[in-house]
Each structure stands twice: as structure tokens, then as C-alpha cells.
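Asker: Below you'll find the structure I mean.
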Amino acid sequence: MSKVESLFLQVNNVRVLTAIVVILVSFSIPVSAAFCSLRDPIFAIHSLYPEATKHRSIIRPIDQQMRREVSERLPFTIHHNEIGKHTLYQVLDGSNSIGFVQARSELSEWGLIEIAWAISPNMKIEGLAFQRCRSFECNDTLINEVEAVLQGKSFSELLLLISADGQGLSEHAQGVFSKNSAMHLLILSSALKTLAITELAWGDVISAQLQ
């Protein structure tokens, strides 16, 4: 074997080993690591609450019991590592609490889609903003349509928009959305998970703000 051929094999071996290491590392990172925080809290919060003057972060771990409770509330199956340590951002205008923001990442055919959700003090969806999305569908048209349907809805009201098995939109939702797409179902599922987790993990914090 010539020196050139030997060098070529060494380079190829390095590339193969590097690829293997990258794959192993990607599988070893907990899925939940990507599911719980805002990329740019200030930008996301002010895009959802322009009147906000400050915010505070409340981080809480989600234990096994809470995972079971969240799963029992949802009509679809969630990944075990999808619910880990989460951060709830309490948004304030001066000393007044005006809402909450939580980030969710959802696995899709386009890769991870990261959504920042605005939640009212009485636990209803107020709005959403995409932090990351590679799909051509992630645009203002989609956001405006989804917000028009989801805005002001509680967890129980959102359940009426999804099929009993959680695998599609309900007949009612198919009548209010422009189309029955995977993206619409993904966003609706994300909203349901967000409210379920928020109610169970931070219900005491939110209730205190209403008193």
C-alpha cells in the first residue's frame, strides 16, 4: 500500500469515528434538554407582551408523579424525556403580573420546532411565537390563523379541537382551520402540553397571583 493510500484510509477512518461520536453524543443528550427554555427570553417575552417591563424565571423539575398526571390528561402519548426541568417566565408590567411564558420544542418531520407560548393569569392561551422552525408553513399567516382559534381557550376547550385518540383534529377543528395539516395538529398538541404542565407544576404560583 502506498503512502497516499494509507493516508487516505486514515482520513476516512477519522471521519467515520467522528460521525460515530456525533451520533452517540446526540443520542446521549436528554431529549428534555431542548424542551424547556427560551432562546432569547427578552425578545420572546416582549414579542408576546409588548407592555412588559420585567420578568422573573421560575424553574421547577417535573417528577415521575407529575409526568403520569400530565400523560393522563392528554389524549396522545408523550415521550418520557419530553417532560423534564421546565422554566416558567412570569411577565410583569411594573408590579402587576400580566401573564406567563413557557417554551416548548416539538419533534416533527422538519426537525425540532420551538414555540414560545403566552399564557394568561387565568390559564388560557394568549398567543405564540416561533423560536425555531424550518418548515415553510411557519409564517405570519399560520400564526394569525392559529392564534385566532386558540386565543382565550383553556385546556378543556383545546381538547375539543383534537380527536379522541389525539392523532388528528376533531371535526370541529377541521371546520375552523383552513386545512387539516400536521403542523396544525403539532401546534395544538403543543398548546395542550403547555397548559397541562403549567397547571400541574406552577398552579400554586399562578393561583397566588389571582388572590
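Asker: Using a 7 Å offset from the Cα along the Cα-to-Cβ direction at both I143 and R56, what is the distance between the two label points in nm, to one decimal?
Answerer: 2.9
Asker: Provide the per residue accessible area, probe 1.4 Å, for the range 35-208, rounded to a whole number of square angstrom. Intermediate values should be presented prior to the final figure.
Answerer: Details: 7990 Å² over 174 residues.
Each residue of the range 35-208 exposes 46 Å² on average to a 1.4 Å probe.
Asker: What is the sum of charges, Lys and Arg at +1 and Asp and Glu at -1, for the other residues whose Cβ falls under 10 Å from the Cβ of R104? Intermediate values should be presented prior to the final figure.
Answerer: Details: positive: K193; negative: E82, E106, E114.
Here the count lands on -2.
Asker: Could you pull out every residue, at least 5 positions away or on a different chain, whose amide H is within less than 5 Å of the one on G152? Hs are placed 1.01 Å off N in the peptide plane, and Pro or chain starts have none.
Answerer: Residues meeting the criterion, in which the H sits 1.01 Å from N, are I125, E126.
Asker: Work through the residues other than L161 whose Cβ is under 11 Å from its Cβ and net out their charges, Lys, Arg +1 and Asp, Glu -1.
Answerer: Numbers: positive: K153; negative: E157, E171.
Around L161, the charge tally is -1.
Asker: Also, quick follow-up: Run the simple label-point estimate for K85 and S181 please: 7 Å along Cα→C-beta, distance reported in nm.
Answerer: 3.6
Asker: Give the lysines reachable from K124 as a straight Cα distance under 26 Å; neighbours fewer than 8 places away on the same chain don't count.
Answerer: K124 reaches K54, K85, K153, K179, K193.
Asker: Keeping all protein chains in the complex and leaving out DNA, RNA and ligands, what accessible area do you get for T141 with a 1.4 Å probe, in Å² to the nearest 10?
Answerer: Roughly 100 Å² of T141 is accessible to a 1.4 Å probe.
Asker: From the phi of every residue in the range 163-172, what ³J(HN,Hα) in whole Hz does the Karplus formula 6.51 cos²θ - 1.76 cosθ + 1.60 yield, where θ is phi - 60° and glycine or proline is x?
Answerer: 5, 4, 8, x, 9, x, 7, 6, 4, 4
Asker: Read phi for every residue in the range 49-58 and hand back ³J(HN,Hα) as whole Hz from Karplus 6.51 cos²θ - 1.76 cosθ + 1.60, θ = phi - 60°, with x for Gly and Pro.
Answerer: 10, x, 7, 5, 10, 6, 8, 9, 9, 10
Asker: Given the range 122-202 reduced to its alpha-carbon atoms as identical point scatterers, what log10 I(q)/I(0) does the Debye formula return at q = 0.20 Å⁻¹?
Answerer: After summing over all Cα pairs, the log10 values are -0.91.
Asker: I've got another one for you. Tell me, what ³J(HN,Hα) does each residue in the range 137-145 have, in order and in whole Hz, if you take phi through Karplus 6.51 cos²θ - 1.76 cosθ + 1.60 with θ = phi - 60° and put x for Gly and Pro?
Answerer: 6, 6, 9, 4, 4, 5, 4, 4, 5
Asker: Just grab the label-to-label distance for F43 and M66, each label 7 Å out from Cα along the Cβ direction, in nm (one decimal).
Answerer: So the label points at F43 and M66 sit 2.8 nm apart.
Asker: Expressed as a whole number of Å, what is the distance separating the alpha-carbon centroids of the range 130-173 and the range 63-77?
Answerer: The two parts, judged by their Cα centres, are 20 Å apart.
Asker: Quick check: at a probe of 1.4 Å, how many percent of the accessible area of the range 66-124 sits on carbon and sulfur atoms? Numbers along the way, then the final one.
Answerer: Values: 1070 of 2330 Å².
Of all accessible area on the range 66-124, carbon and sulfur atoms account for 46 percent.
The values are calculated or read from the model by the stated rules, or taken from the named source; none is laboratory data. All figures in this text were calculated on a predicted structure; none of them were measured in a lab. Note that each Cβ is placed from the backbone with ideal geometry, even for glycine, and that neighbours are counted across all protein chains shown. Please note that ligands, DNA and RNA were not included when accessible areas were found on the heavy atoms of the full protein model with its side chains. Shrake-Rupley method; radii C 1.70, N 1.55, O 1.52, S 1.80 Å.
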